[in-house]
1. Given 10 Å bins starting at zero, what is the percent of C-alpha pairs of region A:50-147 in each, up to the one with the largest pair distance?
2. Here is the link list: C:K90/D:K65; D:K65/D:K313; D:K155/D:K307; C:K151/D:K155. Which ones come out longer than 23 Å on Cα distance?
3. Net charge around A:E131, counting only other residues with Cβ within less than 10 Å of its Cβ (Lys, Arg = +1; Asp, Glu = -1)?
4. Taking K and R as +1 and D and E as -1, what net charge do the other residues with C-beta under 11 Å from the C-beta of D:P296 add up to?
5. Within 13 Å, Cβ to Cβ, of E:S177, how many net charges do the neighbouring residues add up to if Lys/Arg are +1 and Asp/Glu are -1?
6. Based on the mean of other beta carbon atoms within 10 Å per residue, what is the order of C:50-60, B:62-72, D:373-383, most packed first?
7. Taking just the alpha carbons, could you work out the radius of gyration and Dmax for the protein assembly as shown, both in angstroms?
8. So for B:S30, D:S83, fewest C-beta neighbours within 10 Å to most, what's the order?
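Just so you know, all these numbers are worked out from the coordinates, no wet-lab data involved. Just so we're clear, the structure is a prediction, and the values are computed from it rather than from any experiment. Cβ placement follows ideal geometry from the backbone for every residue including glycine, while neighbour counts extend to all protein chains displayed.
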Amino acid sequence: MIEYIKNVWLGFWTVIVGMRITLAHLFEKKVTVQYPDDRYPIPPNARNKLYLDPTLCNGCTSCERICPVNCIKVETLRVVPDDPERPMIADGSKRKLWVPVYDIDFAKCCFCGLCTTVCPTFAIKHTVEFEYSTYSRDELYVRFSDMSPEKIIEKKKMLDEFQAKEKAAKAEAARKAAEEKSKTDAKAETSPVTESKESN
Amino acid sequence: MTINEIYEQLKEDYGDSIIELVENPPLDSSIIIKSSAVFEVCHTLRDKPGFEFDYLLCLSGLDLGENLAAVYHLYSMKHAHKAVIKTIVPKDNPKVPSVEKIWRSADWHEREAYDLIGIIFENHHNLIRILCPYDWEGHPLRKDYKEPEYYHQMKVPY
Amino acid sequence: MGLLNKLNEPYEAGGIILGTFEDILNWGRARSDWYLHFGLACCAIEFMAMNASHFDFMRFGTIPRATPRQADFIMITGTVTLKMAERIKKLWEQMAEPKYCISVGSCANCGGPYWEHGYHVLKGVDRIIPVHVYVPGCPPRPEAFQDGMIKLQKMIKEEAIFRKRKKLEEDSKIELSA
Amino acid sequence: MGEKKRIELDYSKIESDRMRLNVGPQHPSTHGVLRLEVELDGEIVTEVVPHIGYLHRCFEKHAEKMTYPQVIPYIDRMDYVTSMNNELPYVMAVEKMLGIKVPEKVEYIRVIMCELNRIASHQIAVATFGLDAGAFTPFLYFFRDREYILAIFEKASGARLLFNYFWIGGLSADVHPTFKEDVLAIVKQVRKTNKEIEDLLIYNKIFIERTANVGILPADVAINYACSGPVLRGSGVKFDLRKNEPYSIYDRFDFDIPVGMGEVGTVGDSWDRNIVRMREMEQSCRIIEQAVAQMPDEGDVQEKLPKRIKPPKGDIYMRAENPKGDLGFYIVSNGTDKPERVKARGTSFVNLSVLPEISKGYMFADLILILGSIDIVLGEVDR
Amino acid sequence: METINFVYNLIPDQFIAIIVICTIPLIFLIVYALLAILGELKISAWIQERLGPMRTGPWGILQPIAEVVKLIQKEDLTPDTANKPLFNLAPFIIFMGAYASFAVIPFSRYFIPSDINIGLFYIFAVGSIAVIGIVMGGWASNNKYSLLGAMRSVAQIISYEIPGAMAILSVAVLASSLNLEKINIAQEGGIWNWFVFGGQGSWDKLWVVPFTLILSLIYLISSLAETNRTPFDIPEGESELVAGYHTEYSGMKFAMFFFAEYANMFVVAAVLTITFFGGWNSPFGNFMQGPGWDVFWFVGKSFFFVIVQIWLRWTLPRLRVDQLMYVGWKVLLPFSFICFLFISLFRMIN
């Protein structure tokens, strides 16, 4: 019987205690941050949308290789030595590769931050931007390259010409070498266009 | 009790069924046993004073290319010692006696190993797939596994 | 011409009254969206965090419902596996019109980190149900969820109910003739 | 009046129609996408068959295709509530294979992060347990606090949930300058909230009635099912890897192992499992305080590593105390930069397998609570 | 001509007045339900240190209206396997039960829709109709969760009606009437004369004060159970039964359930106000007393108890079904019997 009364009393009392706590919270200051108007502070190193500075990227493709989900697609073109533009990377060094294609598929990206740590020129980095939800998935496929299609065609043509020239020179050299009974010419056959790994 | 002592004691008891002790410091050493003796050896390991491995940490299936392997990581709460038991079975007849009756935790581990690697555990009371759907085909963690084109009219590859 | 005759006409000809009426209907649907209490994977934890006090999803007029019958939109928060896909399709079919879908996180968008070797992962929930808003991130910040919600509300507000009805009729006519 | 007749009823013979109920995969309290096939006799549960695999994301297949550092993001996604703790056994295993010793500061940061994450995980566990019992408010109080912890994680690693912070041989980045003060402020806040939740939920009579004597798991059954973590300790077994087999630098700290004592019911019931989590939060606070006091300010956070991580051939099993229990990684290396096989012993996977055993004979409402008290994360169950 | 006369004769004399009197509670009910939904959202949010709906109108006050506008547009689903007539009827029956109770609720001494002698009994009788609707809905849905919820609900409402009725009965003993108006009048003259403090009378009423206090508490608890509110919300307990008996309902039919729940909350709060807390009477005797104040006091007190119900909901976990029965039969019932016994004795002696 005593146990029974005790239990009933406990049941009643703990409810009162709980109600007191919730009542106290009723008048406490609210912690809600009203998002579109106010914003929760985001630290600068937060890993949200990736951003590539195309002027900094030197086309080393190490980000593409480290990416665990293969969401980065990089294609590069070799810079012809006698390019009239004398391209430079923003940090001042000489550009060796054009980057006509640098695509990130944010629908695949897992925001692990590995690509930003391997980048030698700090071209790719995470920004604090996160508001890029879209109505269609294609919009999440972002192209970062700053080269216009005409420019790509132009550079490609340049490279082709250069390669043809080079090939001819090599063939010439090879012919000469063959004449001089030197080694095989198989090496010269490989295409100098740097092809990146197919993402699939 | 170190793994060498366990190996020697087991060797005394079971003789030929215990094949060898693979030592690879600083990594784990493991005892390789014949698949036919798995149940008896495990029973001894659990019950014999001195061993008392009452805790099955993990049971994994391995695809070794030609063969499949089942790896048992054992632990004793009483003596705080560990042992790794391995058994190797051919791929075309991957049958290992179930230890589900010895450690109940082996139940789901064995179902998982069956599901993903394809080791058949004999005398298991309910050896069905656990992670993949029940009508899934093939054992995904085998090295030669090819993912299907379609599953229930849903395209699987990207 | 009575107002009723204009019901089937496009919105532009409907004039102010129909326009306002439509606005009110759209306002109601945009401001009171009940979501299905449903989580799949990692994003579901951020989803819970978004419901919690700091972000407070209920500010947008959303209420969690446990049953799909009463839900207005579903948030696919996580990886959709092949085993789960059929269930999600069923859930979607059980929901009452008008219904919307927000696909949250890389996994729901296109398989995410699992798109390459995931033999058991559905590569994008839009292969089985229509998706209205895609929220990227892995997992997205809680604010990103809310950003997706705002985009959905914007979409609902601009929906044309009467025009849609007409269009649907046309569609059905085409179907019948075909 | 005639002689009193004793009526004997054989209750086992009285049988009504059994009802088979399908709980999940979409159900508010299956903690994700677990499906339970429940056989009910009225309200009494007579059989439970868990069907898992609705979140099978092929982690082990991915691990075979990735290099060692690339596996870490996938490990984060296994038990997505306790990512920091997940990473620890994996990086420890690879470091042991490579024979690296990480700097002192790294060890301290790892311990602090792990313990913070343990608190965050237990907060979710207790919160959802309360939610299963019908109390919604404690859930939000816990999530409010968890937000402060996540803020620290975000400042340090850049992510809120899936950190990729522990790397092989160190950390991905150093902590921010105000790290220590932030952590101590959180410890204070956690203690305050825990006190409040104890009054509001844990010692509430209704909650005690709901959870005490429900889902009793005896110690020997728990060991035979290889349960670990709070599930095992709730049954009164004083076993914690941090004390019994100290890894990292846990041997430097002074803390207790809370075990279930059956204060309000039987040892090993749902309430015990839950209270163990509440008390572990306090112990984690103690560890954090000691670690913050001892932590060196200066130091490197990344050990020098070869460009390609190629552990020697062989296999290793490394385990660590996750908030859910004993998480193990069995890594087989074939000498290349990609692992031959990474098998994860999912804590929740093992703990969940005990559910059919302990939920028979209780009511359907209890089944939900028993499931909540085991505290599973489906990402780890299915991997 | 004859037929027209016949039809005309069928229409009662004060047809318009009857319509108006019927409509006022309905309008009140709808306005109140909207307010209560908003109140529930806001109070739960504030308790949890949140803000609640903020973006629909200023401070989200238009939220319930948006919800109604939305619910009207929702597709009205009827499951294929459901028993359609019963499935469609159930929400109306529940709503009817809630609405019919308003027939006798005295808002003011000048506005009592129907002043019948057995008002208390009527409210109890009509309030039980809801359970029929719940069972109908639960069974007709052909869903196992709904069925379980409906079964639990029946057991719960039937067992909690007994202690509730006991509590009310003791008030009837004290007021020697079942008429709600008379009960109100019996409590005139300030807070000390309310039945929660034993009603009017000399100092020897101190003997009954503890019992009436306990009885008012018992009625509050059993009213929670009757309206399926936490800690007794097991028929729709979200974590177990998805949404209980209304799992399969959508659109306006679900809105009916929703409205009926809030309407029932008001009814039980009103009964508690009338029986124990003085009804329309001001707590300060003749100060702030009058027909206008009547409505204010009555609605104000009822709202307070509605808020208490909301407050309890966001504080407590829910009971299990057998514990619910335990509380009902082994705790509330004996206590209410004892209290009733003492109050009856007191009346006999006086």
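1. Binned Cα distances yield the sequence 15, 47, 28, 9, 1.
2. Working: C:K90/D:K65 34 Å; D:K65/D:K313 17 Å; D:K155/D:K307 27 Å; C:K151/D:K155 28 Å.
Over 23 Å apart, Cα to Cα: C:K90/D:K65; D:K155/D:K307; C:K151/D:K155.
3. Numbers: positive: A:K49, C:R141, C:K151; negative: A:E129, C:E143, C:D147.
Taking every Cβ under 10 Å from that of A:E131, the sum is 0.
4. Numbers: positive: D:K105; negative: D:E104, D:E107, D:D297, D:E298, D:D300.
With Lys, Arg at +1 and Asp, Glu at -1, the net is -4.
5. Details: positive: E:K182, E:R347; negative: E:D115, E:E181.
Around E:S177, the charge tally is 0.
6. On the way: C:50-60: 23.7, B:62-72: 19.7, D:373-383: 28.5.
Answer by packing, highest mean first, reads D:373-383, C:50-60, B:62-72.
7. Gyration radius and largest Cα-Cα distance of the protein assembly as shown: 34.8, 137 Å.
8. Working: B:S30 24, D:S83 29.
Sorted ascending by nearby Cβ count, the order is B:S30, D:S83.
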